[in-house]
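One structure is given below, encoded as structure tokens.
Where a number appears in this text, it was derived from the coordinates with a stated rule and is not lab data. Since this is a predicted model, take the numbers as computed values, not measurements. Positions of Cβ are generated from backbone atoms using ideal geometry, with glycine treated the same way; all protein chains shown enter the neighbour counts.
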Amino acid sequence: MGQQSNSGKARTKRDGIPNNPKIRKQLLKVAADKKEGMTYAKRKAMREAAKPKTPSTAFGKQGMVLKAAPKGPLEVRYRALAKKIRQCEELEAKKKQGATLDKWQQQKLRKKMFLKAELRALAKRVTGEDAAEEDESDETSDETSDDDE
């Protein structure tokens, strides 16, 4: 190692480029930030634009909005119910075209009404309509107790 070639000249060394991809990426960022005319505000705006957008948690027709984590248990159940209802609608379309359905598909079609009811109940639970109704009933009972005194 470190031997000279036949010409007697020493070999020139390469630039110190690290093998680690993370470090290479950081070096590229630093080099990009040193460009002329690049300000802190521009760098910050570019980084914000490069960040992945978070998906909205609003759902279709009911306008259901979850305030919990993106994949909370309520959202998981909502999506499962919505998928089952979509499948039922597809089966109904097949049936209208004249296709024969097996016993499992017919069972799923019979459940559609119950799935929709559960979906509506879940939407009410998330939006807090039940809690608002209970609060109103508590307020009216407080008013009647004040009148009795």
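Within segment 10-52, being of a type in the set (A, V, I, L, M, F, W, C), exposed (fewer than 10 other Cβ atoms within 10 Å of the Cβ) and part of a loop (DSSP other than H, G, I, E, B) holds for one residue alone: ILE17. Residues in segment 25-37 that are more than 31 Å from the chain's Cα centre (by Cα) and basic (Lys, Arg): LYS34, LYS35.
In segment 12-26, the residues that are in contact (Cβ under 8 Å) with a residue 12 or more places away in the chain never reach a residue that is acidic (Asp, Glu) and surrounded by 10 or more Cβ atoms within 10 Å (Cβ to Cβ) with C-beta atoms less than 9 angstrom apart, at least six apart or across chains.
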